1. Can you name every residue in segment 381-409 that is part of a loop (DSSP other than H, G, I, E, B), within 22 Å of residue 364 (Cα to Cα) and touching a helix residue (DSSP H, G or I) at 6+ places or on another chain (Cβ under 7 Å)?
2. Listed residues 376, 372; which is part of a loop (DSSP other than H, G, I, E, B), crowded, with 17+ Cβ neighbours inside 10 Å, assigned by TED's automatic domain parsing to the domain that holds residue 471 and out of contact with any helix residue (DSSP H, G or I) (no Cβ under 8 Å at 6 or more places or on another chain)?
3. Just to be sure I understand, how many residues within segment 179-200 are farther than 15 Å from residue 44 by Cα and assigned to a loop (DSSP other than H, G, I, E, B)?
4. Looking at segment 344-361, can you tell me whether even one residue there is modelled with pLDDT of 95 or more, part of a strand (DSSP E or B) and in the same structural domain as residue 475 (by TED's automatic domain parsing)?
5. Kindly indicate the residue of segment 463-491 that is within 21 Å of the chain's Cα centre (by Cα) and surrounded by 16 or more Cβ atoms within 10 Å (Cβ to Cβ) and also farthest from residue 523 (Cα to Cα) among those meeting that condition.
6. Mind listing whichever residues of segment 286-324 are under 26 Å from the mean Cα position of the chain (by Cα) and at positive phi?
7. How do the helices (runs of 4 or more DSSP H) wholly within segment 209-307 filter down when requiring 2 or more residues that are at pLDDT 95 or above, under 19 Å from residue 601 (Cβ atoms) and in contact with a strand residue (DSSP E or B) (Cβ under 8 Å, 6 or more places away or on another chain): which remain?
8. Of all residues in segment 172-198 being under 18 Å from residue 39 (Cα atoms) and modelled with pLDDT under 95, which is surrounded by the most Cβ atoms within 10 Å (Cβ to Cβ)?
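The values are calculated or read from the model by the stated rules, or taken from the named source; none is laboratory data. Fair warning: this is a prediction, and the values are worked out from it, not measured in the lab. So basically every Cβ, Gly included, is an ideal-geometry build from the backbone, and we count neighbours across all protein chains shown.
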């Protein structure tokens, strides 16, 4: 999924290679029991953590108090309440008004349990999946959620939604009603173990609401949903409020018990991140996830923090950290050569930046699947080597002979040795300094690079990099733009270099096509930011998607990782294994945290014993921030 939403609400996508789990059989409407096996959930592994009669997830407090008002922040603006189309800037949290077919378990890798559905049936050859809807599932207007709604949702997202949906659901060949409450999805190919879970992530939209409306237009009319929240007050471009649905049909289901505890959630929009943080310090809003290392190290010294009215905390996690990097747009001729991209890697002095800018808190990323067993390591061997061997003639020799390691320095800031390596690599591809400008000897093109940024905080990171590039004769500039312009330019691939990231799950799958495939490279709005067009990459993606077991999945993912790394599509950035957060001391939270998500929004609650929260929940006016 794209990450243009508020970071607290980026739903973790269970992009998985799926194995069917047998459990207590439940007969689906009009579907023969001998055609497949039926269960209350799906998972990558042989057994689900939670049995059919489980009462709640382990990482929630089932008795958490409900109510109270929470304020969050977002940067920029918004002009639509429909988060499913490419047009417009959707309001943060707009997806919270909808339910999915299945709910993700945040403490169990790649597992989902019935939300809108009471049972799931999958054929033995994984060529179809059928879902039986719960009889009690209701829209906020009281009408039942029907198979027709499910089918409509898939069709409208594929035909009129963001391009991502057409790609993500490309292998879903047919959706049909097979019983009063049953929908069957047939796939174009058998054996794709991921597709049942992908369909389980489908957000269901109300057919009776959207028929007669233009789905592709921006809208500030609150749409109809079925989820735990509905849209409340909307101040276009300035603030957006969700209100908890008191009679939410699914509030007592095991997958929801103890979740979605806040009464109202309001997002305040700020011009930029600096202004937003200053507001947080005076309790303009309640919770912040901190991604600025300098501010984390030096900025949290305001009075409320010192006396305990606000709290700063690092929360450990076990989630894969993926890859963030300076991404080269290889659609531009100057970045077409891997050696050029490799050379530019030598201009980034991470060790100096970590020491002087990041206060030593980061680890350099060496994998697109960092912080997981999926990351490549050492040299390829066994099953991984067997996957790579047929492509040996089409891959860099280093894939087989050298463990990938980003260029390193001593952190002194004296990067002359690495810049000399860069100069030699550039010269080998025809780029030489002429009149102090790096010029291609054949075309006469002068190397110019623009770094497109959305966050002013990144200027201090990119600045030293541009100075090193200028020492190589490269005209390097920073272009800082607003949210809307940035999103439009990224959607259309109108940039030289951007800072971007690819989050990863514990079980990669179909989303890798959106990240790296040839088909995605020229599709506006895709996440193939680098413009990768490599048949080897496409072949390895298929190996991941159709992996028959966990061992095969790991081998294929490591092979893909190795090929991407030696393609030098990015200058790798850094990662951390902690969620860095700060919040005003109003909250309670479960004793057990989910392993793979922060889960602030859906598992914390306002603690009545803490002054401002207690006053709000008793109906008294909270103190002004």
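1. Those that are part of a loop (DSSP other than H, G, I, E, B), within 22 Å of residue 364 (Cα to Cα) and touching a helix residue (DSSP H, G or I) at 6+ places or on another chain (Cβ under 7 Å): 404, 406, 407, 408, 409.
2. On the way: 376 fails: out of contact with any helix residue (DSSP H, G or I) (no Cβ under 8 Å at 6 or more places or on another chain).
372 is the lone residue from the list that is part of a loop (DSSP other than H, G, I, E, B), crowded, with 17+ Cβ neighbours inside 10 Å, assigned by TED's automatic domain parsing to the domain that holds residue 471 and out of contact with any helix residue (DSSP H, G or I) (no Cβ under 8 Å at 6 or more places or on another chain).
3. The initial filter retains those residues of segment 179-200 that are farther than 15 Å from residue 44 by Cα, namely 179-190.
When the remaining residues are screened for being assigned to a loop (DSSP other than H, G, I, E, B), the result is 180-181, 188-190.
So the count comes out to 5.
4. Taking every residue of segment 344-361 in turn, none turns out to be modelled with pLDDT of 95 or more, part of a strand (DSSP E or B) and in the same structural domain as residue 475 (by TED's automatic domain parsing).
5. 483
6. The answer is 322, and nothing else.
7. Counting at least 2 such residues, we get 273-281.
8. Across segment 172-198, the extreme among qualifying residues is 197.
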